[in-house]
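Heads up, the thing below is written out as structure tokens.
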Amino acid sequence: KQLFIDICQREISDVEINDLEVFLRKVECHPLSIVLAAAQADSYPSLGALITVWDNDKYHEHMTIDMGGRHESLKQAIWMSYRAICEDRKAVLIWAIMSFVPNKISELTLVDLLFKLDRDRDGYAESARNLIKRGLLKLDTDGNYSMLNPLRYMVFVFDEDSSLMNTAINLLTIVLVLIFQGYDLSTEVEESKFWKTVGLDNFLTALEVL
């Protein structure tokens, strides 16, 4: 209960405490499910409204691919988190990028990848904050972004935009090449060498032709 209250970005009234206890039973007190739900509770007029959506808008009706063996409540929590950010297409793209980053990624690398894939750097900071607010993305004190493993790839489960899968292929290839070259995604000096070495513009153009 305290975890939900600590993360929730609005005050939980005494009247809503019973609703909170009902909700916690629904998620079987799964920690990450609680974190994700609490992070978006302010988007609903009440916890009762959150519970109504939780009960009636089920994740399995929107899946495009299998979600694997994740906890049932976590699947539902991730679906509701996706619903909260899906209109922010740059946030969706950042989520896709983070799906293929092994550990963490510096802000410079993230912006560079966004530009290579989207040709538009504007608005990325606001979109990143949107993901952080929803509990989907973390930013450490060194300015590096990271995402919890259970959340990786999940954007592809629900997103119906076929172009996102093409982006995923590009991303996967880029990151694999980077890893095989032995570069550290969180080190700006190393990543600048990588872009010069690989010639990423030509590489992505070749992929588009394929």
Return the only residue of D122, D140, D88, D112 being of a type in the set (D, E) and surrounded by 18 or more Cβ atoms within 10 Å (Cβ to Cβ). D112
Reported set for the stretch 43-72 where residues are open to solvent by less than 50 Å² (accessible area, probe 1.4 Å), at pLDDT below 85 and in a helix (DSSP H, G or I) is Y59
Among the residues of the stretch 91-100, are any under 30 Å from V22 (Cα atoms), surrounded by 22 or more Cβ atoms within 10 Å (Cβ to Cβ), of a type in the set (V, I, T) and touching a residue at least 12 places away in the same chain (Cβ under 8 Å)? no
Restricted to the stretch 5-24, and to residues that are open to solvent by 40 Å² or more (accessible area, probe 1.4 Å), of a type outside the set (K, R) and not in a helix (DSSP H, G or I), which residue is modelled with the lowest pLDDT? Q9
Determine whether V27 is within 13 Å of M80 (Cβ to Cβ) and at pLDDT below 85. yes
When (1) open to solvent by 40 Å² or more (accessible area, probe 1.4 Å); (2) modelled with pLDDT under 85; (3) over 19 Å from Y82 (Cα atoms) are applied to D161, the one that fails is (3)
Can you work out which of the residues in the stretch 144-157 that are open to solvent by less than 10 Å² (accessible area, probe 1.4 Å) and more than 13 Å from L32 (Cα to Cα) is modelled with the lowest pLDDT? V157
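The values are calculated or read from the model by the stated rules, or taken from the named source; none is laboratory data. Please read these numbers as outputs of a predicted model, since none were measured by experiment. Every residue, glycine as well, gets a Cβ built from its backbone with ideal geometry; the counts of neighbours run over all protein chains shown. Note: areas computed on protein heavy atoms with side chains; ligands, DNA, RNA excluded. Shrake-Rupley method; radii C 1.70, N 1.55, O 1.52, S 1.80 Å.
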